[in-house]
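K.L.:
Take this structure first; my questions come after.
The values are calculated or read from the model by the stated rules, or taken from the named source; none is laboratory data. Since we're looking at a predicted model, the values are computed, not measured. Because the Cβ atoms are built from the backbone with ideal geometry, glycine has one as well, and the counts that use them run over all protein chains shown. Heavy atoms of the whole protein, side chains included, go into the accessibility calculation; ligands, DNA and RNA do not. Shrake-Rupley method; radii C 1.70, N 1.55, O 1.52, S 1.80 Å.
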Amino acid sequence: MSSIDAFAAERISVRYQTRSGAIDALRDIDLRIADGEFVAVLGPSGCGKSTLLKVAAGLITPTGGHATIGGKRLDRPGRDVGVAFQKPNLLPWKTVLDNVLLPARTLRLALGPATQRARDLLELVGLAAFADNYPAELSGGMQQRVGLARMLLHDPELLLMDEPFAALDAMTREALTLELQRIWMAQRKSVLFITHSIPEAVFLADRVVVMSARPGRIVDDFAVPLERPRHADTMASAAFVDACRYLRGHFQ
Ligand code: ADP
Ligand code: MG
């Protein structure tokens, strides 16, 4: 493990200017993610979670403070990150394989090795047999897995995920949560995972960072006391249930 943080937010504040006045979305956020660490950020709707993720992705410049990725100051969209959103935003006229390959052009990856890697990643997410299918031929959960493969194409060090499973039905969501842990354990990336689901945060994360209502501030940083790998049964364990109950206390 390197001592340089995969991600660090230093006193980040974001104020949006709107026609009806200024909105303070984030206030003095300090957050560190160590190399290989999985951190979930949990908070109520509208508290600034997506804003934080956009800062980490270099899509928004904070009005105060700054972010670093791998120790480097972040001032524009970086290529060291892979991003996944609630909707996988696949192009319907491209095959699954070509959708995974989409970032290859913008990131100027050599097409031969990138295509091989895309196939390996489709294998990793269980979609090797669907490389030549079109997105409309896949279920919502399968489409989200295509999005995960695409996020990993350029082998980024830091994964930024903004409620990637929120639009899925409960059973698919649970299956993908297990799958994401497996993928993460195989790839050992650092992860910033945004969610408003307490069980999802506890199941996946090494640490759960809790945000207050807007303007989002960090009000807790909870180390999850569960061994890995975690299984479907883990969700019924006393330690899991206690952790969820503890975190729920922040939102009552
Ligand atoms: P969350 O992801 O936790 O639901 P967001 O980061 O999307 O929260 O938004 C935090 C607050 O900032 C909300 O009140 C939202 O309305 C406001 N906001 C988000 N994006 C913009 C924007 N581009 N312009 C103005 N206000 C915004
Ligand atoms: Mg959001």
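K.L.:
Which aspartates and glutamates, on any chain, are close to K87 with Cα under 12 Å apart, when same-chain ones fewer than 8 places away are left out?
P.N.:
Cα-Cα hits under 12 Å: D162, E163.
K.L.:
Would you tell me the accessible area of R245, worked out with a 1.4 angstrom probe on the heavy atoms of the protein chains, in Å² to the nearest 10?
P.N.:
Only protein atoms counted, so the area is about 140 Å².
K.L.:
Tell me what the chain gives for mean residue ellipticity at 222 nm when only DSSP H runs of n ≥ 4 count, each as -39,500 (n - 2.57), the sum divided by the residue total, rounded to 500 deg cm²/dmol.
P.N.:
-9500 deg cm²/dmol
K.L.:
Farthest toward the dipole's positive end in region 173-252, which of A243, M185, P229, given Cβ charges of +1 (Lys, Arg) and -1 (Asp, Glu) about the Cα centre?
P.N.:
Value: M185.
K.L.:
Here's another thing I want to ask about it. Choose one answer from A131, A232, A149: the residue with the largest mean-square fluctuation in a GNM of the chain with alpha-carbon springs under 10 Å.
P.N.:
Of A131, A232, A149, the Gaussian network model singles out A232 as fluctuating most.
K.L.:
Please report the net charge: other residues with Cβ closer than 14 Å to the Cβ of T18, K and R +1, D and E -1. Numbers along the way, then the final one.
P.N.:
Working: positive: R15, R19, R214; negative: D24.
Net charge around T18: +2.
K.L.:
Related question: Among I29, T63, L53, whose Cα projects farthest towards the positive end of the dipole of region 9-73, with charges put on the beta-carbon of Lys, Arg (+1) and Asp, Glu (-1)?
P.N.:
Among I29, T63, L53, the one farthest towards the positive end of the dipole of region 9-73 is T63.
K.L.:
Hey, got the dipole for the chain? About the Cα centre, +1 on K and R Cβ, -1 on D and E Cβ, debye to the nearest 20?
P.N.:
740
K.L.:
Then there's this: Taking the highest mean first, how do the peptides 191-201, 134-144 order by number of other beta carbon atoms within 10 angstrom per residue?
P.N.:
The densest-packed peptide leads the list: 191-201, 134-144.
K.L.:
While we're here: Just to verify a number: FRET efficiency for T106 and D75, C-beta to C-beta distance, R0 = 22 Å, to 0.05?
P.N.:
The calculated FRET efficiency here is 0.75.
K.L.:
Heavy atoms of the protein only, probe of 1.4 Å, neighbouring chains included. What is the accessible area of T234 in Å², nearest 10?
P.N.:
Solvent-accessible area, nearest 10 Å²: 20 Å².
K.L.:
When the accessible area of the chain is computed with all protein chains present and a 1.4 Å probe, what percentage of it is carbon and sulfur?
P.N.:
The nonpolar share, carbon plus sulfur, comes to 51 percent.
K.L.:
Please work out the Cα center distance from region 31-110 to region 118-195, rounded to the nearest Å.
P.N.:
Using only Cα atoms to place each centre, the spacing works out to 14 Å.
K.L.:
Another question, if that's okay. Tally Lys and Arg at +1 and Asp and Glu at -1 over the other residues with C-beta under 15 Å from the C-beta of P88: what net charge comes out?
P.N.:
0
K.L.:
Something else now. On a full-extension model of 0.36 nm per residue, what is the gain between R245 and R15, subtracting their alpha-carbon distance, rounded to one decimal in nm?
P.N.:
Gain in length upon complete extension: 79.6 nm.
K.L.:
Continuing with the same structure: Semi-axes of the equivalent ellipsoid for the chain, please: Cα gyration tensor eigenvalues, times 5, square-rooted, ordered largest first, whole Å.
P.N.:
28, 23, 17
K.L.:
Suppose all protein chains stay in the model; what accessible area per residue would a 1.4 Å probe give for the chain, in Å²?
P.N.:
49
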